[in-house]
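> Can you keep this structure in mind? I'll have questions shortly.
The values are calculated or read from the model by the stated rules, or taken from the named source; none is laboratory data. Every value quoted in this text rests on a predicted model; they were computed, and no experiment measured them. Here the Cβ positions follow ideal geometry from the backbone for every residue, glycine too, while neighbour counts run over all protein chains shown. The protein model used for the area step is the full one, side chains on, heavy atoms only, and it has no ligands, DNA or RNA in it. Shrake-Rupley method; radii C 1.70, N 1.55, O 1.52, S 1.80 Å.
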Amino acid sequence: MASNRNVPNPVRTLVVLFAVLGLLTGVMFLQGTTTPKLGLDLAGGTTVTMTAQTESGKSAPAEQMDQAIKIIRDRVNGSGLTDAEVTKQGDNVIVVSVPGDENDQKQIIDLVGTTAQLQFRQVLVSGVGSTSLAPTAEPSADPSTSPTRSPSVAPPGPSAEPSAKPSGNNRALSGALVAEPTTSPSASPSKTPSPEKSDEKKDEPGDDAGEDFSKVDDKKVVALYKETTCGPNGTKVPGADDANAKYVVACETDGSYKYILGPTRVHGTEVDQAAAQPPNAQSGQTGWEVALQFKKKGADQFGQLTKEADQAYRSNPYSPEAQIAIVLDGQVMSAPSINQGAILGGTASISGGTDFNQEYAENLAQVLKYGALPLKFPEDKRTVESISSSLGADQLRGGLIAGAIGLILVVVYCFLYYRALGLVAVLSLGIAAAITYLSVVILGENLGFRLSLPHIIGLIVSIGITADSFIVYFERLRDELKLGRPLRPSVEVSWKRARRTILVADAVNFLAAMVLYFLAVGGVRGFAFAMGLTTIIDVIVVFFFTKPLVAVLARRRFFATGHKWSGLDAIRLNKPTPNFRATKPQEA
């Protein structure tokens, strides 16, 4: 009796499984799509052809081209699920083929073409980038009430005041740096007055606008700064993306401000992790952010940089040197002021206004996570075109017909060999197919999973894996019945013996899929993912559907009495009947 109390209620288990299926179905409908996304070979997509540019004008080094291919492949298909392809043509050309329609072209171009050279530099001089874009504000001598040109670094939380960014036609990259200072969280954020907006600042040495060039010993840089006018969508000043330059002139992405920046203090290569984070009302985060985690060296460099900026603020709250510019591909994303102590935690985040949406945050995190391209791919040397599916409708139809024929043969074999017990096998395959379909649709919407021919092959292979699992269980059950045990106890005894074999077999399949996934690239990686996914689904189906259903059917007279169509009758089990024993001749 104690062992019976330890046996899970099969009906309850089936109810839980169908509840989960209902939940997954609801998630699928809430996403607004009920069909899987298809890969290049099934639905076509977009091809971006990019030509590398070198300073010498010669062919790009093979090592840098290989590194660029690896980084781009990681950006567009880092998980191996999107069915994107990256190939090299000649010495300088990289061709990127990504599934998607014309609506996805801009996202694809931004993802593969962005060099993603991230730099953190100290601001030396700042000024209005364009008079038509500059925000106006009343000057104030009180540092705590003066309007800000750039956001300041403050402890995150609901009490933090929103950043006062100038409004303009800026892209989502014009964000704000937010980091966790090591000072007390109770410190209240303060706003840094803009040098251009304070009457006191006009007495400092510099030009008529109050800009101080005493920290810049390069007259060419000063001249370039004075003649630079930033456009409404940002202007990429020549040399602004040179990470080794001592000074650079750069515009903000919305064109409202221009800067002279000091040497690069922290390179983008020191970013260890980058992840997009959704809004969080509890922490005061009103929009999407990209959280950065620096490596040890980068954390030390960032801590020293913020320490110097904070010291500059304490010496003169109007000093541009209190600001740190976040430069991406030669444009200033933002230049926040550091006014609450050095940031020594090694973490920071990039945020923005309403334009900084989920798509852009995820793309930015993707390019920062996998690093900057070692080569430049100018926009005027890119071509974008749509491509059709590589597999014709006839080929796709033929493959589906072949899969259907194979499935029908499996079903026919199950009914011929297991009779009514084969119904459990067929229903198990149906449940596995339903879970697989829901998983593919949900993964496609959330992780970019796209069905291609290798993925479909992996899913078809899973039919054999699932069939193998319940065959192992059925044969164990028949062995117990051959020994003369009643059906219901045999169901539990055979399950205890069969589940070990099933788990070992699935573990081997899953391990093989993991090894293949991490060692392979492209379509082979997609095949491995599909095989691993269906292996997990097989375990779920066998444990939460096949076995409980057999336990429920064992209570029915049709199976319990060994009906000849049940698949558990004496003849099917090669078990002698009472009549056979009574008429068996005596041996001499």
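> For residues in the stretch 26-81 being over 16 Å from ALA116 (Cβ atoms) and of a type in the set (Lys, Arg), which is least open to solvent (accessible area, probe 1.4 Å)?
So the residue we want is LYS37.
> Residues of the stretch 496-529 being open to solvent by 50 Å² or more (accessible area, probe 1.4 Å) and in a loop (DSSP other than H, G, I, E, B), which ones?
Scanning the stretch 496-529 gives a single hit, VAL521.
> Looking at (1) of a type in the set (Asp, Glu); (2) modelled with pLDDT under 90; (3) buried (at least 19 other Cβ atoms within 10 Å of the Cβ), which is the only condition ASP569 fails?
The single condition ASP569 does not satisfy is (3).
> Tally time: how many residues in the stretch 517-567 are under 24 Å from ARG419 (Cβ atoms) and of a type in the set (Val, Ile, Thr)?
Residues flagged as under 24 Å from ARG419 (Cβ atoms) and of a type in the set (Val, Ile, Thr) within the stretch 517-567 amount to 6.
> Quick one: which residue in ASP479, ASP394, ASP468 is of a type in the set (D, E, K, R), at pLDDT below 80, open to solvent by 40 Å² or more (accessible area, probe 1.4 Å) and assigned to a helix (DSSP H, G or I)?
Result: ASP394 is the single residue among ASP479, ASP394, ASP468 that is of a type in the set (D, E, K, R), at pLDDT below 80, open to solvent by 40 Å² or more (accessible area, probe 1.4 Å) and assigned to a helix (DSSP H, G or I).
> Applying the selection to the stretch 251-307, what residues are outside any loop (DSSP other than H, G, I, E, B) and hydroxyl-bearing (Ser, Thr, Tyr)?
TYR257, TYR259, THR264, THR269, SER283, THR306
> If we scan the stretch 87-94, do we find a residue that is within 22 Å of GLY523 (Cα to Cα), at pLDDT below 80 and open to solvent by less than 30 Å² (accessible area, probe 1.4 Å)?
Checked against the condition, which is being within 22 Å of GLY523 (Cα to Cα), at pLDDT below 80 and open to solvent by less than 30 Å² (accessible area, probe 1.4 Å), the stretch 87-94 yields no hits at all.
> OK, next. Output yes when any residue across the stretch 437-458 is under 29 Å from VAL524 (Cβ atoms), open to solvent by less than 20 Å² (accessible area, probe 1.4 Å), in contact with a helix residue (DSSP H, G or I) (Cβ under 6 Å, 6 or more places away or on another chain) and not in a helix (DSSP H, G or I), and no when none is.
Yes, the stretch 437-458 contains a residue that is under 29 Å from VAL524 (Cβ atoms), open to solvent by less than 20 Å² (accessible area, probe 1.4 Å), in contact with a helix residue (DSSP H, G or I) (Cβ under 6 Å, 6 or more places away or on another chain) and not in a helix (DSSP H, G or I).
> Step by step: first the residues of the stretch 530-562, then only those that are touching a Leu at 6+ places or on another chain (Cβ under 6 Å) and open to solvent by 50 Å² or more (accessible area, probe 1.4 Å), then the one that is modelled with the highest pLDDT. Which residue is that?
For the stretch 530-562, the residue satisfying everything is PHE544.
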